[in-house]
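Structure first, commentary second.
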């Protein structure tokens, strides 16, 4: 047991726990009994709070342990996380403003609310909501994987249920203050999390290379390791086969990023369009951090760090590589701070994700189908309870099922959330795509994406299915027609599935329009997409209707 | 599609040529451009420091588009980031 680390970690954890409960009263409205308040923090966060909130939301603990682990294991391909986050903000700069405005004008809380209003289709909204919940659940479970990697490095590496106990305690605390304070809790805690993360990473990328002989020596060690390994695809550069995969994975992930319900929650909680525009320029600061952090995977190679064996699964866990690096290279007290940064870094997104999933459940399933005339207080209550269910579902996932499934599901999650792009993102601009064609496109994209993922083996881990998201073009098979037979070039599955989805949606629209099937009533107006804070006759926040 | 005089309330699709700048950062998707080790910077291979450098392109593109497409001023005076002491700015309005 690493006592100094543990004490520092516990103190910081205690601090954020107190903050989490106090947050309920932070800039509070008269009552939290409305989803605008509990689920969106009153829709009034300014530039700084939004920066910390969205930053804390998107750059999760799992990212912070998994991306360096990828570089540690495979080299350059893991660096895709950087181009992904570079293009994400310019990509969503314009659509996200329309999403904010229309949601502000109409009181939408979730992306599915928007689809419901835009297409007058509870079914399409349900499909978007369920896709969002299914994609988010394993993501929450992955935050636990990140938290557990840290706890195991501090000595809590027990087997069976006892090994998971510290994790369970941390999550019960998180569940309680999220229940009480709603989105205000992660917004406030994000300040602590991000300041700690910035501190740790900056120290790490300056101190460690100096200690290990500079970046030259670090990359030399990495090159040596990859040259000696048997895997053909690793190395400090990309090869001819994985460049397309690298670019399409970055693009696909960037397209998916703001389709995730928790990202939308962070966006809708902001005060106005200017806050968002400023943040699109300020959020890349986190990308810089992520890029530097990713390089710690190579630093770990040079430092000779070994991943620890997870006693619950009996396998070496690459995700422990960054915690172990800190353990070996930093004095105990600083390692404690670093672990707290990663640990708290797991709590912020887990809270926002569970709130986002709870909002989806409440607005698009409960209110739509189960209790049509629920009052706003009943909605808020329902969402609070749903957030508990979602979190304990994630814990159960880790406790009773192999965490590897959480990683598989997260992989699937990225592919399936991308299938909501036509119904959510394109619908922000045009209603040309027909609602029934959107459903058909979604179905095709989901099914085909799943089939393709199932067929991808991973020779490195000896798995026959769900071995990754890189599809060899050779495997593309359209009813027996193989357009790229023999090609070993790889592409991101989600990208292929999205193209199929779009194609079906377009062709389907042309057909359905011929048949004169109703496309529903548009519940939004052109002006809704340009609404901004300070406008006259703006819908009041937490409006009664 | 848009009226020739900017109304207080805009509607429809508003296109501004400055928006095209948002495409610039996508250069980072063209891997053949930078998939090599030389020239190095501080010991970092080109592959890594080039992509880190594109972060700046991304920031510049969004900053310029924000500045150049501002139609009507919103209080607080835009442009300057509010200081840390104004963190609770939202609560006063």
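Throughout, read-outs are computed from the coordinates displayed, never taken from laboratory work. This is a predicted model, so every value here is computed, not measured. Here Cβ is always computed from backbone atoms with ideal geometry, including for glycine, and neighbour counts include all displayed protein chains.
Side notes on the structure shown:
- Two-decimal Rg/Rh across the stretch A:1-113, once Rg and the Kirkwood Rh are taken from alpha-carbon atoms: 1.06
- Residues A:368, A:37, A:148 in ascending order of nearby Cβ atoms (within 10 Å, fewest first): A:368, A:37, A:148.
- When the Cα atoms of the stretch A:169-261 are aligned to their principal axes, the ranges along those axes come out at 53, 36, 23 Å in descending order.
- Legend: calculated FRET efficiency, residue A:202 to residue A:162, from the Cβ-Cβ distance at R0 = 22 Å, rounded to 0.05, equals 0.05.
- Taking B:20, B:52 and counting other C-beta atoms within 10 Å, the order from fewest to most: B:20, B:52
- Estimated [θ] at 222 nm from DSSP helical runs (n ≥ 4, -39500 (n - 2.57)) normalised by residues in the protein assembly as shown, nearest 500: -20000 deg cm²/dmol
- Percent of beta bridges antiparallel (DSSP, the protein assembly as shown, rounded to nearest 5): 80 percent
- Taking 0.36 nm per residue of separation and subtracting the Cα-Cα distance, full extension of the segment from residue B:20 to residue B:56 would add 11.3 nm.
- Spacing of the modelled spin labels on residue A:169 and residue A:315, each 7 Å from Cα toward Cβ, amounts to 2.9 nm.
- Residue order for A:298, A:9, fewest other beta carbons within 10 angstrom first, comes to A:9, A:298.
- Cα Rg over Rh - the protein assembly as shown, Kirkwood: 0.95
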